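Visitor: This is the structure, below, for whatever I ask next.
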């Protein structure tokens with residue numbers, strides 16, 4: 001299930017494109033590289049099969065020594081965003097350390113993909129915003145209790161607040177996967193992928209685009 005090819009990228013923002021028959025399509029623009037293969041991991045040496053990709057150059061002085069060695073072995077500049085993609089052993093022969101990958105080598109227009117990113121952080125929120133609680137009635141003598149969550153515990157049994165109770169807390173800033181998005185276009189010269197619809201995260205945030213687990217082209 002998790003062994004799917006993909007690529008790393010950065011969300012630039014949303015825009016719109018038009019088809020030949022005049023249909024307007026909202027798309028998210030993803031800058032996708034080129035990505036560099038930093039390592040090829042095999043079951044014999046690492047216990048599992050995967051490739052490690054790096055994206056987006058950073059200053060050399062901001063990387064630690066172990067990372068600098070890894071980047072130097074791949075003969076590339078230090079990267080800000082490094083992630084591994086699990087792949088079948090039969091696919092590892094297609095990759096080698098130092099190889100660069102472009103979006104057009106992974107996806108085609110019309111492909112179904114899954115987009116993984118970190119959602120926008122919204123800070124500490126109450127139960128009405130976070131869980132869509134209805135709130136209390138605002139009539140008949142109710143005072144200063146309109147947006148409260150209500151009772152949270154029991155008396156004798158179990159005598160505690162049950163784990164998982166929906167209460168105020170941090171909202172957003174978590175890993176989110178949006179499945180079954182369609183590649184609306186690829187601009188190979190600029191390494192841009194146009195994804196139909198919205199992709200998690202803020203503009204400038206890093207994302208992972210993978211081949212869809214539930215759909216195929």
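Visitor: Set the Förster radius R0 to 35 Å, insert the Cβ-Cβ distance between residue 19 and residue 174 as r into 1/(1 + (r/R0)^6), and round the FRET efficiency to 0.05.
Guide: 0.50
Visitor: Helix-derived [θ] at 222 nm for the chain: sum -39500 (n - 2.57) over DSSP H runs of at least 4, divide by residue count, nearest 500?
Guide: -2000 deg cm²/dmol
Visitor: Relative contact order (percent) for segment 123-171, with alpha-carbon contacts under 8 angstrom and 6 or more residues of separation?
Guide: It rounds to 50 percent for segment 123-171.
Visitor: Follow-up. Suppose we keep just the alpha-carbon trace of segment 100-217; what are its Rg and Dmax in angstrom?
Guide: 21.7, 68
Visitor: Quick one: which of 50-59, 5-14, 133-142 comes out on top by average Cβ neighbours within 10 Å, and what's the full order, highest first?
Guide: Top to bottom by mean Cβ count within 10 Å: 5-14, 50-59, 133-142.
Visitor: Something else about it: Rounded, prolate or oblate: which fits segment 1-110 when a ≥ b ≥ c are the square roots of the eigenvalues of the alpha-carbon gyration tensor, with rounded for a/c under 1.5 and prolate only if a/b beats b/c?
Guide: Taking the square roots of the gyration eigenvalues as a ≥ b ≥ c, segment 1-110 is oblate.
Visitor: Give the shape of segment 31-179 as rounded, prolate or oblate, defined through the alpha-carbon gyration tensor: a ≥ b ≥ c are the square roots of its eigenvalues, a/c under 1.5 means rounded, and otherwise the shape is prolate if a/b is larger than b/c and oblate if not.
Guide: prolate
Visitor: Counting just the Cα atoms, what span does segment 88-134 cover along each of its three principal axes? Round to the nearest Å and put the largest first.
Guide: Cα extents, longest axis first: 55, 27, 20 Å.
Visitor: Which translational diffusion coefficient, to the nearest whole µm²/s, is obtained for segment 8-71 from the Stokes-Einstein equation, given a Kirkwood hydrodynamic radius over C-alpha pairs, 10 °C and 1.306 mPa s?
Guide: My calculation gives 105 µm²/s for D.
Visitor: Where in segment 100-144 does the amide nitrogen come within less than 16 Å of the point 7 Å from the Cα of residue 161, taken along Cα to Cβ?
Guide: Label zone hits: 124-128, 130-131.
Visitor: If you don't mind, another one. Measuring from label point to label point, each 7 Å out along Cα→Cβ, what is the residue 154 to residue 125 span in nm?
Guide: Inter-label distance under the simple model: 3.0 nm.
Visitor: Using every pair of alpha-carbon atoms in segment 82-163, split the distances into 10 Å bins beginning at 0 and state the percent of pairs per bin, rounded to integers.
Guide: 10, 22, 19, 12, 16, 15, 5, 0
Visitor: Under the 0.36 nm per residue contour assumption, what length would be gained going from the current alpha-carbon distance of residue 59 and residue 45 to full extension?
Guide: Result for the pair: 2.0 nm of gain on full extension.
Visitor: Based on the alpha-carbon gyration tensor of segment 123-171 and its eigenvalue square roots a ≥ b ≥ c, which shape applies: rounded if a/c is under 1.5, prolate if not and a/b is larger than b/c, or oblate?
Guide: Taking the square roots of the gyration eigenvalues as a ≥ b ≥ c, segment 123-171 is oblate.
Visitor: What is the extension gain from residue 216 to residue 100, computed as 0.36 nm multiplied by their sequence separation minus the C-alpha to C-alpha distance, in nm to one decimal?
Guide: 39.3 nm
Bear in mind that the values in this text are calculations on the coordinates, not laboratory data. As the structure is a prediction and not an experimental result, all values here were calculated from the model. Positions of Cβ are generated from backbone atoms using ideal geometry, with glycine treated the same way; all protein chains shown enter the neighbour counts.
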